[in-house]
Structure formats: C-alpha cells, structure tokens
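Quick notes on the structure that follows.
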Amino acid sequence: MSSPDPLHSRAALERRFGPSYRWRVLATVMIGTVASIMASTIVNVAVPDMAHVFALGQERAQWLSAGFMGAMTLSMLTTPWLLDRYGYRHTYIGAVTLLMIGGVVGGLGSRFEIILAMRVTEGLAAGVLQPIPAIIILHAFGEGERGKAMGIFGFGVVLAPAVGPSVGGVLVEWWGWRSIFFVVTPFCLIAMALARRYLPIGAPGGGPIDREGGRLDFLGLGLIAVAVLALLNGMVHLNAETRPFGMALIGLSFVVAAAFIAHQRRGARPLMTLGLFTHRPFSMGGLVAFIYGMALFGSTYLVPVFMQAALHLPPSQAGAVLLPAGIALAVTIPFAGRLADRVKVSWLVCFGLLLLSASFFLMLSVDLGTALALIMLWAVIGRIGLGFVMPSLNLGSMRGLPDIFISQGSSTINFLRQLGGAVGIGLVGNILEWRLRTHPLAPLTAYHETFALVGAITACAVVAAALMSPSPPLEAAPADE
C-alpha cells in the first residue's frame, strides 16, 4: 500500500474547494465520458462514406462499431483493478490520453486496418472511463442526492449522442470522414487539465493506492476476450456460405465463457465478483442492462444507416433528424433522476423500456413518403423512454451493495450493457444483411423487419425490470464464493 499525496487526497481537496467539490469532480469525469461516447457514436454517420472509400461490404463496415464496442466491453472489467492500483487521477488521465491518441492516429490513417486498430484503441480507453462516474456518484453523494447527480451526469452525457450525429454529418459533408476522428481532441485536453486539478490521487472511498496488490487477472481477461471475440466473429459469419464456421465460433465462445466463470469462482482477485448476482436487484439489473444494450446500440447503428441507405437522406439531414430526440433525452434525464430518489426505480425502468420499444415498432410506418417531422416524433418517443432508463438502472441494480463492491458492481453492469451492445450491433448487422438478401427489391421491408426485432428485444427487458424490487442488503462476502 502507498498513501496518496496529502495535498491531493480526497479529504484535502474537499477542504480546499468546499461543499461544491463533489460536483466539480462529477463535471470532470463527465467531460471524459462525453468524449468517449462521442467517439462511440459519431463514426456511425460516416460508415457509408468510409465503406465507399475502402470498398467495404456490410460485414466489414460494421466492425468500425463492433470493434469499438468489443474493446470497450473487455476493458471495463479492468477499471476496479486500475483504480485500486493507480488511483482516480492517473487511471483517468491515462485513459483519456489513450482515447485522444486513437482519435488523432485514426483520423490520419490511410488504411482500413489502421483505422480499425485505432477504433479498438479508442474502445479500450472508453471502457475504462465508462464505469468511473457511477463509482464516484455512489461514493461521494448521499442516498438522497444520487438520483439527482446521476440525472445531471446523464444530461451531460446524452449531449454527445444528441449532437454527435448532427455535427458528424456536417463534418463529413464539409471536410470528409477523417474530420470526425479529431472531434474528441478538445474534450480530452480539457478533461486532462481538470483531472489534474480536481481528481484525487487515491483509490475509491478515499483509501490508499494498493501498489503491492495482486496482479491483474490476465488469464481471466484472456478468457473473456476469446469468448467475446469468438462470439462477435461467429455472428459475422452467420450467413449461407460460412454458417458452419460461424456456429463453431459461437460454440467455442460458450465453452470459453464457462471456463471464465469457473476461473472467476476460484480466483483471489477476480475480474467479476460472481457473488454479486445473488443479490436480486443486481442480477435483474444486469439482465436488463444486457438486453437494453442490445436494443440501444443495435438501433444506434441501424438508424443512421436506415436514414441514408433506405431513405436516401444526406448525412447532415440524417443527423439533424435525430437532434430533437437528443434534446428530448437531455431534458428527460434530470427529471427522471430526481424521480429516482422518490419513486421505485423498477417502475421508471419499465416505463422507459416500454416507450423505447414502442418507438422501434413505430419506425415500421416510415417509408420514402413519410414526413421528416413524423420520423423525428418517433425518435423523440424512444429517447424519452431512454431518459427514464439511464439514471435509474445503475441506482436500482446497485442499491443494497456494500461500499467495497461498488467498483465491481459498476464495472460489471457497464460490462453487461456494453456486451449486449456489441452483440446487438452484430445481430442487427447480420439480420439486416440477411433480410436485404431476402428482399432485394424491397429494402424498406428489410429495415422494417429489423426494427421489429429490436423492438421485441427491448420489450423482453420489461419482465426483468419489474423484478428489480429491493431485497435485503448483500452481505460483504461474495468475493469468496
């Protein structure tokens, strides 16, 4: 163990900056997370242009999103270990720096392989960043303020996907697809400057950095990496010509995932504390996070492609269609966050999922003659639903967990959501390609059938959300189970 610099410990920073300190910390981590989400979503608008430049088919183009999502999914599990080993400040600055490098090098890349590698690099950085805000909120804010803090954080975070497609569409039209990679750079520079001023050196909970602690579970990380990559690759190959190979990869994924679970049960410092799943709100919240991630990220990939490929809208107009929905989401989240401090979070999550599912089914009515205002309305309905889910899911799933499991709980919930997202992107890409082959003369039908699938997946999460009701607090012993 090594004690943090007393001038930069959490207690010293709280004395220096007063009662507003925790809000300054929240604002700091918001900026880095906004940058990572911007990197995740803004590329989708440029997929058609990049596919044309590099002569990519649908199965390769989707890796620009799936590669990012897969890398982000895996690196999330390392966040608790990194925070214990290096503390808030060094972990955060290191991840933001890696994100900026991925953006700059990706924007300068001349080959698809280099650009894809940088997308993976950005994903690794984003995965480390994503769980940190929830960890800070659950440690630094009281029970009566957590919903409000999560709502304010969510308000800032959703501005990235709200503004991202619009900004990305304009950038692609004016300066080409390369320009979108550089958007994260100013966010990263600001985040690093604020982190040096406000983030404590120490580990979560104000404890010392554990420099002599156990090594990262590289075997467990390798096993889950093989499982995830085999699953994503297997889904890519689920077409008529390579289906046997795809099925073999998916089978391998399940076998390796079982080995990962067995290893986590025996490990002294596991990447994932499986005992957390004995707590019903957490296990149901994890299931909701996975299904919700499939629908959310699958649709995030599907909608911009639908706007451009099926409705023949230019990138700037396709992005503008989603702007009102993003504004509606940004307005809804703080309201829903305040409700989460007063209303059962399971009710809020169920209501949000129903609205989100309805918005996908409403997209079945969209065709070439549909007014843009109506498409905007369907998107607004979905984003209002999303606004009710976002601040409630983490709070509801981790309510009743001891403080020592907050980091593990946050990283695991985020891992499950992002794993669902990676699977969702692959599933949507494959289903869309299959339906386009089935309906070569009616591409709108193919897109409608894919939207129906996404809507059905979202509706399935409502059952699990209804079971997220409080249960007795979890005893602080699952690490040994």
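Evaluate the following for Leu419: is it of a type in the set (A, V, I, L, M, F, W, C) and at pLDDT 80 or above?
It is true that Leu419 is of a type in the set (A, V, I, L, M, F, W, C) and at pLDDT 80 or above.
Of these, Ala358, Ala340, which one is out of contact with any strand residue (DSSP E or B) (no Cβ under 9 Å at 6 or more places or on another chain) and modelled with pLDDT under 90?
It is Ala340.
So which residues in region 300-320 are of a type in the set (A, V, I, L, M, F, W, C) and within 21 Å of Glu449 (Cβ to Cβ)?
Leu302, Val303, Val305, Phe306, Met307, Ala309, Ala310, Leu311, Leu313, Ala318
Would you mind telling me which numbered condition in (1) at pLDDT 85 or above; (2) over 16 Å from Met38 (Cβ atoms); (3) within 22 Å of the chain's Cα centre (by Cα); (4) buried (at least 16 other Cβ atoms within 10 Å of the Cβ) Gly222 fails?
Evaluating Gly222 over (1) at pLDDT 85 or above; (2) over 16 Å from Met38 (Cβ atoms); (3) within 22 Å of the chain's Cα centre (by Cα); (4) buried (at least 16 other Cβ atoms within 10 Å of the Cβ) leaves (4) as the failure.
Would you mind stating whether Tyr21 is surrounded by fewer than 23 Cβ atoms within 10 Å (Cβ to Cβ) and touching an Asp or Glu at 6+ places or on another chain (Cβ under 8 Å)?
Yes; evaluated as a whole, the condition is true for this residue.
Would you check which residues across region 159-203 are among the small types (Gly, Ala, Ser), in contact with a helix residue (DSSP H, G or I) (Cβ under 8 Å, 6 or more places away or on another chain), at pLDDT 70 or above and under 15 Å from Met30 (Cβ atoms) and list them?
Ala191, Ala195
What are the pairs with Cβ atoms under 7 angstrom where one residue, in region 66-93, is buried (at least 22 other Cβ atoms within 10 Å of the Cβ) and the other, located anywhere, is modelled with pLDDT of 85 or more and aromatic (Phe, Trp, Tyr)? Sequence gap at least six, or different chains.
Thr73/Phe415; Met76/Phe415; Leu77/Phe415
Please enumerate the residues belonging to region 397-409 that are part of a helix (DSSP H, G or I) and surrounded by fewer than 24 Cβ atoms within 10 Å (Cβ to Cβ).
Answer for region 397-409, where residues must be part of a helix (DSSP H, G or I) and surrounded by fewer than 24 Cβ atoms within 10 Å (Cβ to Cβ): Asp403, Ile404, Phe405, Ile406.
Tell me yes or no: at least one residue of region 105-113 is surrounded by 23 or more Cβ atoms within 10 Å (Cβ to Cβ) and within 20 Å of the chain's Cα centre (by Cα).
no
Given the condition assigned to a helix (DSSP H, G or I), buried (at least 19 other Cβ atoms within 10 Å of the Cβ), at pLDDT below 75 and at negative phi, answer yes or no: does some residue in region 137-148 qualify?
Looking for residues that are assigned to a helix (DSSP H, G or I), buried (at least 19 other Cβ atoms within 10 Å of the Cβ), at pLDDT below 75 and at negative phi, one finds at least one in region 137-148, hence yes.
Consider Val128 carefully, then state whether it is closer than 21 Å to Gln408 by Cβ and without any contact (Cβ under 8 Å) to a residue 60 or more places away in the chain.
So Val128 fits the description; yes.
Kindly indicate which of Val331, Val366 is over 16 Å from Gly455 (Cβ atoms) and not small (Gly, Ala, Ser).
Of the residues listed, the single one that is over 16 Å from Gly455 (Cβ atoms) and not small (Gly, Ala, Ser) is Val331.
What pairs can you find where one residue is in region 313-324 and over 16 Å from Arg383 (Cα atoms) and at pLDDT below 75, the other is in a helix (DSSP H, G or I) and of a type in the set (D, E, K, R), and their Cβ atoms are less than 8 Å apart, with a gap of 6+ or different chains?
Hits for this filter: Pro315/Asp49; Pro315/Glu173; Ser316/Glu173.
Looking at Val454, Val462, which one is in a helix (DSSP H, G or I), surrounded by fewer than 24 Cβ atoms within 10 Å (Cβ to Cβ) and either modelled with pLDDT under 80 or in contact with a helix residue (DSSP H, G or I) (Cβ under 7 Å, 6 or more places away or on another chain) (or both)?
Just a single option satisfies the conditions, and that option is Val462.
Identify the residue in region 356-388 that is outside any helix (DSSP H, G or I) and small (Gly, Ala, Ser) and, among all such residues, is nearest to Leu329 (Cα to Cα).
Taking the candidates together, the pick is Ala371.
Do we find a residue being among the small types (Gly, Ala, Ser) and closer than 30 Å to Leu221 by Cβ anywhere in region 236-246?
Scanning region 236-246 turns up at least one residue that is among the small types (Gly, Ala, Ser) and closer than 30 Å to Leu221 by Cβ.
The values are calculated or read from the model by the stated rules, or taken from the named source; none is laboratory data. Just so we're clear, the structure is a prediction, and the values are computed from it rather than from any experiment. Glycine also receives a Cβ, built like all others from the backbone with ideal geometry; neighbour counts cover every protein chain displayed.
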